[in-house]
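The values are calculated or read from the model by the stated rules, or taken from the named source; none is laboratory data. What you see is a predicted model; the values in this text were computed from it and never measured. When we count neighbours, we look across all protein chains shown, and the Cβ atoms used for this are built from the backbone with ideal geometry, even at glycine. Surface accessibility is based on the protein's heavy atoms, side chains included, excluding ligands, DNA and RNA. Shrake-Rupley method; radii C 1.70, N 1.55, O 1.52, S 1.80 Å.
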Amino acid sequence: MAGSGGATSQPASFLVTSIAILSWYTSNIGVLILNKYLLSSTGFHYPVFLTLCHMLASLLIGLLTSICQILPLKPLKSSQQAYKIVVLSGVFCTTVVLGNVSLKFIPVSFNQAIGATTPFFTAILAYLMQGQTEAPLTYYSLIPIMGGVIIASGGEPLFSVIGFTCCLIATSLRALKSVLQSLLMTDPSEKLDPMSLLVYMSGVSVAILVPLTVCLEPSSWQAALGMVEKSSSFAYWLLGNSSLAYLVNLTNFLVTKYTSALTLQVLGNAKGVVAAAVSVAVFRNVVTGQGALGYAITVAGVFMYSESKRRAKLAAAAVARSEGGAAKVASTEREPLLGTNASGNEKADLYFRGAERV
């Protein structure tokens, strides 16, 4: 009986994980393709307004799932925590806006090649802002990551200085957000689950984007209504695209929950390649041999970066285990009763980390 129970639970777990990964890939690539389609193929050239729609959808769907107790919203605990979320929201909002602006000028395939350089900016910013150093192999991997993008840029037929600059700044800001998040959210009592954080950040982003849209794209509201009047399908495309923006974050959260952050990183690297291939198939943009070679070099560098980080984590864990074992032996020799307490603390720590992941 036990054997049959284990046999049935394993496929179910694999099925759920596979569905989560497939949904994450589909929503990620779907948002990219729809963003490019709306901004370059429909005559609707308003990336700030499009970002506002994304943030509104994330806020409303997040609040709805909280009201229905599907994903309950955790309350803020202090004004300091709220301030940190506002800072993160400003960076997050700017990142999404610039990413959408870049899609007006460059193909999705080139956008993904530039976006793959996120580890480069993460490593540099972590060192400058936190003094965090990496293994030599990690820094060596940054050379092909950036070198590949330089090669790909030279072979991109639709290269645009504006699109390239916006995408590069968006990529660096994405790295800055991750570093800031690790800096600002260090207090365990202030940590929020990813979906609660998304709702709060979406709310702040809407507050930022409404006046920004009025100032930078005053005609976007009338243009959107005009396009809906001409074709009701535009409303469905816009609504579907905005809803997918929330689904991207939800499936990202689920994939991390069912696998691990490292698996998510590896899948994300592969996702960029898939997204580039789908983009080429859909929009028929020309990819030269030099561009493909440059992107391949960048992706190889990203995988090398991921492998270096994985080895560093394993080595650090091994050292921590050996030091912890030695400390446990020493403390047991001094006071036998401390062994029981240490075991209890270890379980509490595992429980905390488990809850934090969820």
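Cβ-Cβ distances below 8 Å connect the following pairs, each with a first residue in region 44-60 that is open to solvent by 30 Å² or more (accessible area, probe 1.4 Å), a second residue that is among the basic types (Lys, Arg), and a separation of six or more residues or different chains: His45/Lys104.
Summed over region 224-259, residues that are surrounded by fewer than 17 Cβ atoms within 10 Å (Cβ to Cβ), touching a Gly at 6+ places or on another chain (Cβ under 9 Å) and β-branched (Val, Ile, Thr) total 0. With respect to the conditions (1) surrounded by fewer than 20 Cβ atoms within 10 Å (Cβ to Cβ); (2) part of a helix (DSSP H, G or I); (3) of a type outside the set (Ser, Thr, Tyr), Leu209 lacks only one, and its number is (1). Annotation note: of Thr117, Thr95, the sole residue that is more than 30 Å from Leu314 (Cβ to Cβ), open to solvent by less than 50 Å² (accessible area, probe 1.4 Å), polar (S, T, N, Q) and within 21 Å of the chain's Cα centre (by Cα) is Thr95.
Only one of the listed residues (Ala224, Ala170, Ala207) is within 20 Å of the chain's Cα centre (by Cα) and at pLDDT 90 or above. That residue is Ala170.
Take the residues in region 125-139 that are touching a residue at least 40 places away in the same chain (Cβ under 8 Å) and assigned to a helix (DSSP H, G or I); name whichever of them is farthest from the chain's Cα centre (by Cα).
Restricting to residues being touching a residue at least 40 places away in the same chain (Cβ under 8 Å) and assigned to a helix (DSSP H, G or I), the top hit is Leu137.
If you go through region 62-83 and keep only what is buried (at least 16 other Cβ atoms within 10 Å of the Cβ) and aliphatic (A, V, I, L, M), you end up with Leu71, Leu73. In this structure, does Ile169 turn out to be among the β-branched types (Val, Ile, Thr) and open to solvent by 30 Å² or more (accessible area, probe 1.4 Å)? Answer is yes for this residue.
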